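The values are calculated or read from the model by the stated rules, or taken from the named source; none is laboratory data. Computed from a prediction, not measured in an experiment: that's the story for all the values here. Glycine also receives a Cβ, built like all others from the backbone with ideal geometry; neighbour counts cover every protein chain displayed. Remember, those area values only see protein heavy atoms, side chains included, never the ligands or the DNA or RNA. Shrake-Rupley method; radii C 1.70, N 1.55, O 1.52, S 1.80 Å.
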Amino acid sequence: MEAFAFQQDEDFDFLMEQALKYRYDNLDSAFYFISRLEDYLEKSPDPIKKTEVLYRKGGIYYVSGDYINAQSVYNEAHDLALQSGDSLSIAKVQNGKGLILLGQEKYIEAIDVWKQALPVFKKAGDKSMEGNLSFNIGLAYSQIFEYSKSLEFLHEAYKLLEVSGNLALKDMTINRLGKVYFDIGNDEKAMLYYGMLLSREYELSNWEKTFLYAGLAELELKAGNDAKAAAFSEKSYGFAKDLKALWDMERATNIWSRALENLQDYRQALNIARMNKSYADSLLNIEKERGISFLQLQVKDAENKQLLNQNELIQQKSQQRRALNLILILLSIFLGVLVFNYRKNLKLRDRFNQKLEKLNKELNEKRKLIAAQNESLNQINEAKNKLFSILSHDLRSPIGNLKSFVMLDKKGVFNQDEKTQALNLLEEQLNKTDNLLENLLDWAKSQLEGFNTKQEVLSVKEIMEEALVQYEFQISNKQLNIQHIGPDPTLKYVIADRSHLQMIFQNIISNAIKFSPKSGKLSIFYSESAEFARIHIKDSGQGMEAEDRERLENDFSMVKSQKGTLGEKGTGLGLLLVKQLLVYNGGFLKVKSKAGYGTEMIVHLKRNTVELSEN
């Protein structure tokens, strides 16, 4: 029996060791061993071990950038740790919660949480976890530019991790010490710490290698050794790309493009700068999505609390009803004994029932009032989300074009003719963006005050051409071949709200560009039925499976956004907005797609049957 228990513990320790081994370099393998640990605990439940597994699982989610799942797992671990009453387990979970606060850039709150947990590990003599928390606190202080405190905790972490033998975290600490010394201008000490890692590069995880080479690139760039800076940043980018670490890819490409620019390799510098812009935009989108997800999680928690309160209210009412039933039974017995007082008691019961009915009526009226208020709040919240989605989808491109022009003009890339031509193009695009912004604000106002469509007779080709102009830069960047075949004379005009139609076309064209390969083809043509005008926008991308196509066409809910062919990201709200706007204008969307053969979006709008002149 003792041998069997020993074998079980040995299996648990082995699986945990493997999960920790792969958490930085191979997340899929790390999650695999975590799932094995969860299966193990199904057969042999142990609250403390289960808390440890949940804590490690939350950490792997955190490393992967999935803060929402990380927070959910840490909450589950915290509840379990409180039930077990184990102080070390509770302190470990506090470490995880501090990491979530760090990911939300709530650095002061994170530091407070870690400092509460730190004495527990000191008392227990757990040097590894004490070093872990000291590292986290030092990292957080560096993010709020309190470098002296940061160095104090990082040096303490280094000493503790040296004793505990936690090599992976020790490497992180050395890397971070190099970065902090660089930030305060002590390049000699920065190089000293980076050199400690460089001397045993083969032992480092890919995660630490990408941070190390980015740090070396920063030092070489500052020292004017641009060729070395370019080589180190390229090497950092390679490791970051293998890890799919967006933050590190953005950091490496930023240094790389600056080094290439100093080397006067402007063409390559521009290519790397574009990559950097793409990664920066992706990081911005992730931050926005993460912020939305955290808000949704908070709303969910609030809803759960509300459900608990409602359940308590229902239980209280049930108890009241049982008490009332008991009173009625006693009253019936009493009435049976006192027959002569029957009339008096009957009237008393009638009055009681009338009062109860009045109370129930008042309660129903209050419920209706609360439901109406909730509906109003939901509509306001929905309008806010739609406005954010439109701003994210439809204003990013012209602003990005303007930013790119200013950056290139500063570098002297344009000659006078090219500059004049670019300025004319920007002026035209800014005018259209100004009109778009005015439409967006009108639309947002209508959402908040009640949705009203202002339908009119519109030239479908004119609106389509305006939408294409908005994406000239993206089309040129991907070198797409645009084939726009104008409609027949009988199909020139549709009936719709102008601002809605602009947003519909812009969102669909944006999606078509996003999923089209470089040098691909984008076809726009028109057809008609007795009642509807049909506008076809077809890309040459990878298409989609039948199940995804059906969900995209029929579901009026947010779908998960997929990456574009150049890594472009979105919020997943664009097509939901398109479908809603089409419904408001009496139309609908059809989707044709097959995996490997591109996707065709078919917008159906009401035709104008009245003969109109060209004017």
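Worth a mention:
- Expressed as a fraction of 2.2 N^0.38 Å, the value expected for a compact globular protein of N residues, the C-alpha radius of gyration of segment 68-178 is 1.03.
- Just the protein heavy atoms count here, and of the accessible area of segment 124-214 at 1.4 Å, carbon and sulfur take up 52 percent.
- For segment 452-523, Kirkwood radius (reciprocal of mean inverse C-alpha pair distance, Å): 13.1 Å
- Under the simplified labelling scheme, the MET196-LEU359 pair shows an inter-label distance of 7.2 nm, with each label point 7 Å from Cα along Cα→Cβ.
- Semi-axis lengths, largest first, of the ellipsoid equivalent to segment 453-606 are 23, 18, 14 Å, with √(5λ) applied to each eigenvalue of the Cα gyration tensor.
- Annotation: lysines with alpha-carbon distance below 25 angstrom to LYS344 (same-chain offsets under eight excluded): LYS355, LYS358.
- Measuring nothing but how far apart in sequence close Cα pairs (under 8 Å, 6+ apart) lie, relative to its length, segment 453-606 scores a relative contact order of 25 percent.
- Solvent-accessible surface of segment 453-606, averaged per residue with a 1.4 angstrom probe and all protein chains in place: 46 square angstrom.
- Linear extension gain, GLN479 paired with LEU263, 0.36 nm per residue minus alpha-carbon span: 75.0 nm
- Here's the picture: a label point sits 7 Å out from the Cα of THR565 along the beta-carbon direction, and within segment 517-543 the residues with their amide nitrogen under 15 Å of it are 517-524, 538-543.
- Greater than 24 Å apart at Cα, pairs in LYS170/LYS235; LYS403/LYS592; LYS277/LYS590; LYS410/LYS563; LYS228/LYS403: LYS403/LYS592; LYS277/LYS590; LYS410/LYS563; LYS228/LYS403
- Pairs exceeding a 21 Å alpha-carbon distance, out of LYS21/LYS244; LYS149/LYS244; LYS419/LYS521: LYS149/LYS244; LYS419/LYS521.
- Using C-alpha pairs below 8 Å separated by at least 6 residues, the relative contact order for segment 80-184 is 20 percent.
- Fully extended contour minus Cα-Cα distance, from GLN316 to ILE144, at 0.36 nm per residue: 57.0 nm
- The trypsin sites (Lys or Arg not before Pro) of segment 178-231 that meet both conditions, a loop assignment by DSSP and at most 11 other Cβ atoms within 10 Å of the site Cβ, are ARG200.
- Radius of gyration, Dmax [segment 150-280; alpha carbons; angstrom]: 15.0, 50
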